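Bear in mind these aren't lab numbers, they're just calculated from the coordinates by the rules spelled out. Fair warning: this is a prediction, and the values are worked out from it, not measured in the lab. With ideal geometry, Cβ positions are generated from the backbone for all residues, glycine too; neighbour counts draw on all protein chains shown.
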Amino acid sequence: MSAQNARSVTQNSPEEQIDCLSSFTNTMQPQRYLITGGSQGIGAAMVERARNAGHHVVFTGRNADRIQRLAAATGAHGIAADVANGDDNARTVATCVERMGGIDVLVNNAGYAYRAEIGALDLAAMRAMFDVNVFGLVDITNRVVPMMKEQGSADIINIASTSGMKGGAGGTSYGASKWAVRGISQSWQSELRPHGIRVVCICPSEVQTEFGGRTGRNNPNKLYADDIAATIFAALEMPRRVLWPELAVFANNPWKED
Ligand SMILES: NC(=O)c1ccc[n+]([C@@H]2O[C@H](COP(=O)([O-])OP(=O)(O)OC[C@H]3O[C@@H](n4cnc5c(N)ncnc54)[C@H](OP(=O)(O)O)[C@@H]3O)[C@@H](O)[C@H]2O)c1
């Protein structure tokens with residue numbers, strides 16, 4: 001670490017302070033976002049935040065009505081595309097290139113949970129979920145990274161889960177897919193840091209969305225989709241020299257009684 005980096009901004013000369021602070025503003029410039037699974041929940045909160053900050057956004061989903069409503073409300077471009085389908089991913093990336101000229105921020109968010117205990121697992125259901133949560137995430141990123149390497153600067157946000165940090169009953173399938181996303185993220189960090197590409201893995205705890213139906217997660221003291229979007233923006237808005245490799249996000253006091 002250089003002596004300059006080791007000192008705080010206030011210890012630097014006025015010129016150094018301006019230099020240092022200006023690196024915080026890099027994401028204030030309009031960036032080009034691709035957000036998978038952006039039609040509702042955490043992805044939709046990201047679409048809204050990115051649009052409110054003036055960024056260009058393409059997002060995917062499967063439900064045409066939801067896609068259309070969010071696109072109309074935010075001005076983002078929505079595409080019906082299944083991340084488990086290679087042709088759909090090719091079309092999604094081509095649309096980003098056509099409309100925005102590239103991708104600065106890829107948010108790999110599309111995912112769902114199939115849960116069952118060992119002894120009663122449906123392997124076909126587990127494989128179908130891996131096609132979305134793991135192979136879909138890898139396939140679309142595989143198509144985007146060559147472009148990002150050419151740019152020499154970009155960000156990839158992978159949405160894993162706290163279910164991928166600690167095993168639990170019924171977690172063979174979903175938990176394993178999110179452990180995989182964490183391992184994949186670490187591998188990409190090793191490969192992509194030398195290219196100026198940051199890979200940030202986000203592990204949310206329970207968030208109040210439609211994920212898995214409206215269950216006990218939908219409690220006002222648990223996390224909101226926008227809490228995750230805000231966390232992602234905090235990581236993105238750090239100076240480009242700063243990488244937060246993995247962030248777990250929990251509700252502080254979900255047991256509170258109102
Ligand atoms: N909610 C939680 O408690 C929680 C906790 C930890 C991690 N996560 C993770 O966070 C991510 C988002 O979850 P969420 O809570 O926002 O869930 P959600 O409300 O169910 O939203 C999921 C989004 O992903 C899209 N999607 C699902 N499968 C897709 C596919 N094959 N191709 C393209 N889009 C697809 C859905 O699109 P359509 O609705 O249009 O089909 C929807 O926009 C997931 O990866 C999930 O595993 C969630």
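Details
- Each residue in segment 89-121 was checked for being among the charged types (D, E, K, R) and touching a helix residue (DSSP H, G or I) at 6+ places or on another chain (Cβ under 9 Å), and 3 pass.
- Just one of the listed residues (M129, M165) is farther than 30 Å from P30 by Cα, touching a helix residue (DSSP H, G or I) at 6+ places or on another chain (Cβ under 9 Å) and surrounded by fewer than 16 Cβ atoms within 10 Å (Cβ to Cβ), and it is M165.
- Which numbered condition D65 fails, given (1) within 13 Å of the ligand (Cβ to nearest atom); (2) within 22 Å of A230 (Cβ to Cβ): (2)
- 1 or more residues acidic (D, E) and away from the ligand (no atom under 12 Å from the Cβ): qualifying helices (runs of 4 or more DSSP H) within segment 119-228: 137-151, 172-192
- Residues in segment 209-224 that are within 17 Å of the chain's Cα centre (by Cα), over 21 Å from S185 (Cβ atoms) and surrounded by 17 or more Cβ atoms within 10 Å (Cβ to Cβ): T209 alone.
- Among (1) within 16 Å of the chain's Cα centre (by Cα); (2) farther than 15 Å from T36 by Cα - the single one L123 does not satisfy: (1)
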